[in-house]
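Colleague: Okay, handing you the structure first.
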Amino acid sequence: MATRVEEAPRLPGAGERVLRGDSRWRLLPFLGPAFIACVAYMDPGNFATNIAGGSKFGFTLVWVIVASNLMAMLIQTLSAKLGIATGRNLPEICRERFSRRTSVGLWLQAEAIAMATDLAEFLGAALGIKLLLGIALFPAAVITGVITFLILGLQRYGFRPLEAVITAFVVVIGICYLGELWFAHPPLGTVAKHAVVPEFAGNESVLLAVGILGATVMPHVIYLHSALTQHRIVPRNDDEARMLYKYTRIDVLIAMVIAGLINMSMLVVAATVFFGSGLTNVDSLEGAHRTLEPILGGASSVLFALALTASGLSSSTVGTMSGQVVMQGFIRRRIPLFLRRLVTMIPAFVVIAIQGNDGDVSRTLVVSQVVLSFGIPFALIPLVMFTSRRDVMGVLVNSKTTILAATLVAALISGLNIFLLAQTFGVAG
């Protein structure tokens, strides 16, 4: 197994006891990191993209979400495996293996990506609270800030309470969209067909599919997932490392399946309610909330606002944590988490003060996805490269099949993001 960072001796936790055969709790101690990571796959930006896809093209692009989710499973599994095998996170490995100039450059772009993503997620949470409580956007943003500070404060009690809260948010989002599906009554046979049959509905649907696929992998959560697993449960030997990796794959599978089903539900509800009613121009979250009520009733719009709020709060918290990981990993510097949260809140309040309406917030979410696209290759390519090296990974090195699959996924996602950026800035036809 690869050399690990030396740590002070500690008593074995529940996970270590399972690895050593001293406990009957087989799976529960290993669940958690992937649930934090999966939050990034159902953030407010996903709400906007999925609603646009469903309202404009019906069920046509359901298969895109399925394909995206499968790729996300692979990438998040590799990130988690890196932390297990090395006891280091991806930014730390980059700092050790690359030159200082390269590490500083990677840190600067990662910070920019994390801040842009956090801006959109914070604004999404504020918009959700605004819709939920019927208040103005600025006081909703203040409430969002207070709640995120409280969530981050849970870290003083250890990481498990924070994992529990984030998982609870995921459960809330899932329950809300189960309720939305109940109200919408989508044609399940049609949904199942479009989940496995790739097709498009014109050039615009191709571009939107590229947007969904291209924004599949969140660069900040690639960095974070490796940090979540690096010291959480420490195997003593190769056999324990293999067993830990097996349980970690189950954690990723469960969490990402939930995230995929929620994303699919977003598109399916939009397709059933908006596209099915001839409303193909629902282009903002506020517009979706307003349109749901007269069609499905007040309870449906409340569920939508509650899901958006839970999504924004949880993903904003995860974004703040990711920023801390990239700074500590790339340049060995750390600032208090609360100070980082305060600093990253300021751009959101500036946007609200300058723009101040919901349509502009939705546009900000779209812009954040474009900015995020710049950072994906810088996280994805090093991840595939390092997890394919035996001197880094030891017994958990990627198999030849995994190397091939990961290389193809990295090339596809990076290429799609380049295409998406070119389209956005009018370079491509």
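The values are calculated or read from the model by the stated rules, or taken from the named source; none is laboratory data. Being a predicted model, the structure only gives us computed values, none of them experimental. Here the Cβ is made from the backbone with ideal geometry for all residues, glycine too, and neighbour counts use every protein chain on show.
Colleague: Looking only at helices (runs of 4 or more DSSP H) that lie completely in region 132-250, which have at least 2 residues being without any contact (Cβ under 8 Å) to a residue 40 or more places away in the chain and either within 30 Å of GLY323 (Cβ to Cβ) or under 25 Å from the mean Cα position of the chain (by Cα) (or both)?
Modeller: The qualifying helices (runs of 4 or more DSSP H) are 137-153, 159-184.
Colleague: What are the pairs with Cβ atoms under 6 angstrom where one residue, in region 335-349, is closer than 13 Å to ALA141 by Cα and the other, located anywhere, is modelled with pLDDT under 85 and among the acidic types (Asp, Glu)? Sequence gap at least six, or different chains.
Modeller: Correct list of pairs: THR344/ASP118.
Colleague: What tally of residues in region 326-335 results from selecting those that are β-branched (Val, Ile, Thr) and buried (at least 24 other Cβ atoms within 10 Å of the Cβ)? Outline the logic, then answer.
Modeller: Step one: of region 326-335, the residues β-branched (Val, Ile, Thr) are 326, 331, 335.
Imposing the further condition that a residue be buried (at least 24 other Cβ atoms within 10 Å of the Cβ) reduces the set to 326.
Within region 326-335, residues that are β-branched (Val, Ile, Thr) and buried (at least 24 other Cβ atoms within 10 Å of the Cβ) number 1.
Colleague: Criterion first (among the aromatic types (Phe, Trp, Tyr) and in a helix (DSSP H, G or I)) does PHE122 satisfy it?
Modeller: In short, yes.
Colleague: Can I ask one more? Is there any pair with a first residue in region 17-45 that is under 30 Å from GLU286 (Cα atoms) and of a type in the set (Phe, Trp, Tyr) and a second that is part of a loop (DSSP other than H, G, I, E, B) and modelled with pLDDT of 80 or more whose Cβ atoms are under 8 Å apart and which are 6 or more apart or on different chains, and what are they?
Modeller: Once the first residue is under 30 Å from GLU286 (Cα atoms) and of a type in the set (Phe, Trp, Tyr) and sits in region 17-45, its partners that are part of a loop (DSSP other than H, G, I, E, B) and modelled with pLDDT of 80 or more give TYR41/MET218.
Colleague: Could I ask something else about it? Is it fair to say VAL268 is in a helix (DSSP H, G or I) and touching a residue at least 40 places away in the same chain (Cβ under 8 Å)? First the steps, then the outcome.
Modeller: Numbers: in a helix (DSSP H, G or I): yes; touching a residue at least 40 places away in the same chain (Cβ under 8 Å): yes.
Considered against the rule, which asks whether it is in a helix (DSSP H, G or I) and touching a residue at least 40 places away in the same chain (Cβ under 8 Å), VAL268 comes out as yes.
Colleague: Is it the case that region 93-103 has a residue that's of a type in the set (A, V, I, L, M, F, W, C), under 21 Å from ARG242 (Cβ atoms) and at pLDDT 90 or above?
Modeller: Checking region 93-103: at least one residue is of a type in the set (A, V, I, L, M, F, W, C), under 21 Å from ARG242 (Cβ atoms) and at pLDDT 90 or above.
Colleague: From LEU61, LEU27, LEU78, which residue is at pLDDT below 85 and within 24 Å of the chain's Cα centre (by Cα)?
Modeller: LEU27
Colleague: Same structure, new question: Which is surrounded by 14 or more Cβ atoms within 10 Å (Cβ to Cβ), in contact with a His (Cβ under 9 Å, 6 or more places away or on another chain), aliphatic (A, V, I, L, M) and more than 18 Å from ARG341 (Cα to Cα), of LEU137, LEU131?
Modeller: Only one candidate passes the filter, namely LEU131.
A quick yes/no check of all residues on (1) crowded, with 23+ Cβ neighbours inside 10 Å; (2) at pLDDT below 95; (3) not acidic (Asp, Glu):
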position: MET243; (1), (2), (3): no, yes, yes
position: ASN263; (1), (2), (3): yes, yes, yes
position: ASP283; (1), (2), (3): no, yes, no
position: ARG290; (1), (2), (3): no, yes, yes
position: PRO294; (1), (2), (3): no, yes, yes
position: SER301; (1), (2), (3): no, yes, yes
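Colleague: Could you give me the residue pairs with C-beta distances under 6 Å whose first residue belongs to region 52-81 and is more than 30 Å from GLU286 (Cβ to Cβ), whose second residue is of a type in the set (Val, Ile, Thr) and not in a helix (DSSP H, G or I) wherever it lies, and which are 6+ apart or on separate chains?
Modeller: Listed by first residue and then by second, the contacts come to MET71/THR216; ILE75/VAL217.
Colleague: Further question on the same structure: Which residues, counting only those in region 375-421, are crowded, with 17+ Cβ neighbours inside 10 Å, of a type in the set (Gly, Ala, Ser) and within 29 Å of ASP118 (Cα to Cα)?
Modeller: Those that are crowded, with 17+ Cβ neighbours inside 10 Å, of a type in the set (Gly, Ala, Ser) and within 29 Å of ASP118 (Cα to Cα): GLY375, ALA379, ALA406, ALA410, SER414.
Colleague: With part of a helix (DSSP H, G or I), modelled with pLDDT under 90 and farther than 16 Å from PRO44 by Cα as the only criterion, which of VAL343, VAL326 stands out?
Modeller: VAL343
Colleague: Exactly one of (1) surrounded by 18 or more Cβ atoms within 10 Å (Cβ to Cβ); (2) hydroxyl-bearing (Ser, Thr, Tyr); (3) modelled with pLDDT of 80 or more is unmet by SER362. Its number?
Modeller: Single failed check for SER362: (3).
Colleague: For THR216, which of the numbered conditions (1) buried (at least 20 other Cβ atoms within 10 Å of the Cβ); (2) at pLDDT 90 or above; (3) not hydrophobic (A, V, I, L, M, F, W, C) fails to hold?
Modeller: In the conditions (1) buried (at least 20 other Cβ atoms within 10 Å of the Cβ); (2) at pLDDT 90 or above; (3) not hydrophobic (A, V, I, L, M, F, W, C), THR216 misses (2) alone.
Colleague: I've got another one for you. With the requirement that a residue be closer than 15 Å to ALA80 by Cβ and assigned to a helix (DSSP H, G or I), what does region 395-408 give you?
Modeller: Of everything in region 395-408, those that are closer than 15 Å to ALA80 by Cβ and assigned to a helix (DSSP H, G or I) turn out to be LEU396, THR402, ALA406.
Colleague: Return yes when GLY45 is assigned to a helix (DSSP H, G or I) and either in contact with a His (Cβ under 9 Å, 6 or more places away or on another chain) or modelled with pLDDT under 90 (or both) and no when it is not.
Modeller: In short, yes.
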